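The values are calculated or read from the model by the stated rules, or taken from the named source; none is laboratory data. As the structure is a prediction and not an experimental result, all values here were calculated from the model. Quick reminder, even Gly has a Cβ in these numbers, built from the backbone with ideal geometry, and neighbours come from all protein chains shown. Note: areas computed on protein heavy atoms with side chains; ligands, DNA, RNA excluded. Shrake-Rupley method; radii C 1.70, N 1.55, O 1.52, S 1.80 Å.
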Amino acid sequence: MIDLDAYTIRIFLHLLGVTVWVGGQIVMAALVPAIRGLGPDAAKIAANRFGQVAWPFYALLVVTGIWNLFEVDLGSVSAGYHMTLGIKLLLVALSGVAAFVHSTTKSRVVMAVTGGGGFVAAVGAFVCGVLMVT
């Protein structure tokens, strides 16, 4: 029988958030060139709709990330774990800030920089998360 405990639920929800936040950015990056061909506002409309889905999952990531922290005895983990955690927290914040700026700016240059930078930060946070459990 499968044991559906709090640990399993917490990790499932966190990975679901990662799937939508990071995976959705990959899908959007692949689709935007094709979507632009549908009309001048098509990419903006698609991006806005993506944001309506992605932001709740970013919030889910933050909430389950905090929950994860409460489940770790930070006094008993290595300095490397603490360093990786600090980098992950910074990257999570950078990813969210960059995505927010990306979705609110009118400047194409700022949009490009924050879109790419936010994605790199999101992937980096994901990698740090993997490192923390291996």
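Normalised radius of gyration for segment 26-67, please: alpha carbon Rg relative to 2.2 N^0.38 Å, two decimal places.
Here the Cα radius of gyration is 1.47 times the empirical estimate.
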- Message: At 7 Å along Cα-to-Cβ for each site, give me the label-to-label distance between Thr104 and Leu69 in nm.
- Response: 2.2
- Item | Dipole magnitude of the chain about its Cα centre (Cβ charges: Lys, Arg +1; Asp, Glu -1), debye to nearest 20 | 700
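Just need the relative contact order of segment 1-67 here, percent rounded to a whole number, with Cα pairs under 8 Å and 6+ apart.
Working: 34 pairs, mean separation 35.1, N = 67.
Across segment 1-67, relative contact order equals 52 percent.
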- Message: Per residue, how big is the convex hull of segment 1-49 when only Cα atoms are used? Give it in Å³.
- Response: 87
- With Cα coordinates, the longest principal axis of the chain makes an angle with the long axis of helix 6-36, in degrees rounded to 10, of 20
- Message: So for the chain, averaging the separation of alpha carbon pairs under 8 Å that are six or more residues apart and normalising by length, what relative contact order in percent results?
- Response: 26
- Note on the structure: For Thr8, Thr134, Thr104, Thr84, the accessible-area ranking with a 1.4 Å probe, largest leading, is Thr134, Thr104, Thr8, Thr84
- Set Lys and Arg Cβ to +1 and Asp and Glu Cβ to -1, take the dipole of segment 9-134 about its Cα centre, and tell me which of Val133, Ala99, Ala42 lies farthest positive. Ala42
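Sorted by accessible area (1.4 Å probe), largest first, how do Ile45, Ile35, Ile26 line up? Show your work: numbers first, answer last.
Numbers: Ile45 115, Ile35 25, Ile26 90 Å².
In descending accessible area the options line up as Ile45, Ile26, Ile35.
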- Note on the structure: For His14 the rounded accessible area (nearest 10 Å², probe 1.4 Å, non-protein molecules ignored) is 30
- Write down the Å³ per residue value for the convex hull defined by the alpha carbon atoms of the chain. 123
